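The values are calculated or read from the model by the stated rules, or taken from the named source; none is laboratory data. Being a predicted model, the structure only gives us computed values, none of them experimental. We place every Cβ from the backbone using ideal geometry, glycine too, and count neighbours over all the protein chains shown. Remember, those area values only see protein heavy atoms, side chains included, never the ligands or the DNA or RNA. Shrake-Rupley method; radii C 1.70, N 1.55, O 1.52, S 1.80 Å.
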Amino acid sequence: MIVITTPTGQIGRQVLADVLDGAGTEPVRVIVRDPARLPEQVRRRVEAVEGSHGDATVLDRAFKDADAVFWLVPPDDEAASIEQAYAGFARPAVAAFERHGVRRVVGVSALGRGTDVADRAGHVTATLAMDDLIAGSGVAYRALTMPSFMDNLLWQAASIKNSGTFFEPIDADRELPSVATRDIAAAAARLLLDQTWNGVAEQPVLGPEDLSYNDMARIISEVLETPVRYQLIPLETFTANLTGRGMSQAVAQAMTDMMAAKNAGLDNAAIRTPLTSTPTSFRQWCQDTLKPAVQAQ
């Protein structure tokens with residue numbers, strides 16, 4: 001039995017689709033707050049446990065006879081602390097892994113372990129602490145460690161269309177890896193379907209290349225056939241933008257601390273190899289995903 005959390009989310013729905021494509025006769029169960037949000041063809045093929053995967057009662061139903069679990073913490077923009085949003089949310093699951101004898105867990109995590117900024121990197125620091133909590137439960141664990149997602153740019157599709165600009169608090173010429181969520185999902189599905197691995201390890205998922213935001217602006221301009229530029233904004237402005245959208249001060253500050261750490265090299269420590277590189281280039285992602293999103297604005 002494979003159990004998938006966040007099956008209607010940006011990454012989880014793609015993991016579910018990939019797992020169903022390759023599962024054969026392996027049963028698949030999902031934990032979902034609203035089963036009606038699952039496509040009808042998916043509902044026919046999975047067992048749905050309704051509720052939150054932060055709820056111990058729900059987890060006891062979901063993890064019964066489970067062999068492998070895809071673990072992803074949902075965003076909590078109103079959390080009082082970033083530690084509560086990650087390790088706090090995961091503690092009931094960690095206890096349930098042990099209680100039900102779950103063998104393998106694949107989690108969505110972040111790059112940066114071992115760097116000199118990992119202890120002050122906001123969301124990343126909290127994610128790594130959660131990884132340690134899961135690894136300490138005795139399950140075999142693969143933490144998929146990621147840089148920023150290409151798909152995060154979709155939040156700025158309106159700005160790209162209306163003003164030809166996108167914004168981040170990262171130096172314009174700093175080259176960084178980025179990854180498409182479809183490649184994250186593919187990596188997770190492969191591990192969930194593979195019953196041969198054990199132990200605890202990190203698996204970087206880096207995309208195929210390092211690009212600066214100026215590089216990205218050039219590629220977006222070429223794909224959209226219209227000028228697009230990148231604008232560096234101060235960290236304080238970034239924080240204010242987040243709280244202005246309703247994010248708690250604690251979560252906004254954690255996001256800001258993460259971006260500052262990325263600008264200091266957090267994502268540059270992982271070594272790019274054929275195993276850690278993934279196929280979707282930024283240009284391809286722009287053609288397939290960003291361009292339709294901008295046109296739809």
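Data for the structure
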quantity	calculated
Most to least accessible of E98, E168, E202 (protein chains only, probe 1.4 Å)	E98, E202, E168
Helix 123-135 vs. the chain, principal-axis angle (Cα, 0 to 90°, nearest 10)	20 degrees
In range of the label at R120: residues from segment 240-283 whose backbone nitrogen is under 19 Å from the point 7 Å along Cα→Cβ	250-269
In degrees, nearest ten, helix 89-100 long axis to first principal axis of the chain (Cα)	30 degrees
Dmax and Rg, reported as Rg then Dmax, of segment 176-297 (C-alpha, Å)	17.1, 49
Volume per residue of the C-alpha convex hull in segment 1-89, rounded to whole Å³	95 Å³
Over segment 235-297, equivalent-ellipsoid semi-axes from the Cα gyration tensor in Å	27, 22, 8
List W285, W197, ordered by accessible area with a 1.4 Å probe, largest first	W197, W285
Protein accessible area in the chain, 1.4 Å probe - carbon and sulfur %	49 percent
Residues of type lysines that K161 reaches as a straight line, Cα spacing below 24 Å, ignoring anything fewer than 8 places off in the same chain	K291
Vicinal HN-Hα couplings computed from phi for segment 26-31 (Karplus, 6.51 cos²θ - 1.76 cosθ + 1.60; Hz; Gly/Pro x)	5, x, 10, 10, 10, 9
Residue-normalised accessible area of the chain, expressed per residue, 1.4 Å probe, Å²	45 Å²
Order by protection proxy (mean Cβ within 10 Å, highest first), peptides 38-46, 15-23	15-23, 38-46
Volume per residue that the Cα convex hull of segment 178-233 spans, once the total is divided by residue count, Å³	114 Å³
Phi-based couplings in Hz for segment 176-187 (Karplus 6.51, -1.76, 1.60; Gly and Pro marked x)	9, x, 8, 9, 7, 4, 5, 6, 4, 4, 4, 5
Point-charge dipole on Cβ atoms (K/R +1, D/E -1) for the chain, about Cα centre, debye to 20	600 debye
Extension reserve of the E78-R43 stretch, reckoned as 0.36 nm per residue once the Cα distance is removed	9.6 nm
For the chain, calculated [θ]222 nm from helices alone, where every DSSP H run of n ≥ 4 adds -39500 (n - 2.57)	-11000 deg cm²/dmol
Nearest-20 debye value, segment 128-184 charge dipole, Cβ charges on Lys, Arg, Asp, Glu	240 debye
Scattering curve values for the chain, log₁₀ I(q)/I(0), Debye with Cα scatterers, q = 0.10, 0.15, 0.16 Å⁻¹	-0.55, -1.26, -1.40
Residue (of L290, A85, V117) at the positive-pole extreme of the chain, dipole from beta-carbon charges	L290
